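Report on the following structure.
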Amino acid sequence: MKLEVITPNKGKEIDKEVCLLEAEGINGAFGILEGHIPFITLLKDDGVIRFQTNSSNPIQSIKVKEAILETSASESNKKESIVKIISSQIEEI
């Protein structure tokens, strides 16, 4: 699935294929895998997003501020998921 992280200062800061994503929403933590149903949620302020580009790579983490997360299907391939995070700022941790 495709992960896009967008901020007002730098635009698209992250744009990569990932196999796993874990996030801290305002109602608790959740995970997303390829084919996840479409949804939108607010993320916990200073919440941590963890993602992995493939199962043999280490998990990467970022911290988000004032962020929302949306999952949807790709326009060109309905079986491919897109996870879009829009945040006022991110910090790699």
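All of the numbers you see were taken from the coordinates with simple rules; none came from a lab. Nothing here was measured: the structure is a model prediction, and the numbers come from that model. Heads up, the Cβs are rebuilt from the backbone with ideal geometry, glycines too, and the neighbour counts pull from every protein chain shown.
Legend: ranking of residues Glu24, Glu80 from fewest to most surrounding C-beta atoms inside 10 Å; resulting order Glu80, Glu24. Using C-alpha pairs below 8 Å separated by at least 6 residues, the relative contact order for the chain is 31 percent. Extension gain for Glu92 to Glu34 (0.36 nm times residue separation, less C-alpha to C-alpha distance): 18.5 nm.
Using a simple charge model, +1 on the beta-carbon of Lys and Arg, -1 on the beta-carbon of Asp and Glu, nothing else, what dipole does the chain show about its Cα centre, in debye to the nearest 20? Let's see the in-between values first.
On the way: 11 positive and 15 negative charges, 25 e Å.
Dipole size: approximately 120 debye.
Could you work out the Kirkwood radius for the chain, taking every pair of different alpha carbons, averaging 1/r and inverting it, reported in Å? Walk me through the numbers on the way to the answer.
Details: mean 1/r = 0.0764 Å⁻¹.
Every distinct Cα pair counted, the radius reaches 13.1 Å.
Would you kindly state how much longer the chain becomes between Asp46 and Lys79 on full extension, computed as 0.36 nm times their sequence separation minus their alpha carbon distance, in nm to one decimal?
8.8 nm
Counting only residues at least eight positions apart within a chain, or on another chain, the aspartates and glutamates with an alpha carbon under 18 Å from that of Lys16 are Glu4, Glu34, Glu70, Glu75, Glu80, Glu91, Glu92. Between Asn27 and Lys12, the modelled labels are 3.0 nm apart [label points 7 Å from Cα along Cα→Cβ]. Summarising the amide proton neighbourhood of Gly47: residues at separation of 5 or more, or on other chains, whose placed amide H is nearer than 5 Å comprise Val64.
Close amide-amide hydrogen proximity is noted between Leu20 and Gln52, each under 5 Å apart and 5 or more residues distant or on a separate chain (H modeled in the peptide plane; Pro and chain starts excluded).
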